[in-house]
Amino acid sequence: MSYAISVGFLILTALHAQPALSAVRPGMMASLYGPAVTESGLGILLHHRAMGFALVALSCLTAAFVPAIRQPVLVLTGWSMVGFLVAYWVGGSPAGPIQRIALADLVCLPVLFFLAWAVWVRA
């Protein structure tokens, strides 16, 4: 079971790694959100968001190997994923690049739920 938990956290690391890398590679930000966002003040907010993703990705990577921090990392990651999905839904579920992000979070929700079960319920 410990192996499956580590793999789950590594999957969540991968999910958050690409948007995290956009903090240091602006070209990635344009591919994630569309080219217009990097040309406005919105680009600053998305850069800040990318740094938050870096925190989530590094936390998930650490939790893959350090069991003691798994519960708070699941709260942080769940807040990020579920919070975005709720905001996306409330915002009218727009098509385009942001829809891919919502789909990626949605596809990884079972991993998050498995980890929550494995870390809290089964522990």
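We did not get these values from a lab; they are worked out from the coordinates using the rules stated. Just so we're clear, the structure is a prediction, and the values are computed from it rather than from any experiment. Here Cβ is always computed from backbone atoms with ideal geometry, including for glycine, and neighbour counts include all displayed protein chains.
Result for the chain in a Gaussian network model with C-alpha springs under 10 Å: among Ala23, Ala102, Ala68, the largest mean-square fluctuation is at Ala68.
Relative to the current alpha-carbon distance between Leu103 and Leu42, full extension at 0.36 nm per residue lengthens the span by 19.7 nm. Here the contact order of region 1-103, divided by its residue count and restricted to Cα pairs under 8 Å and six or more residues apart, works out to 31 percent. Remark: Ser2, Ser93 ranked as Ser2, Ser93, counting other beta-carbon atoms within 10 Å and listing the fewest first.
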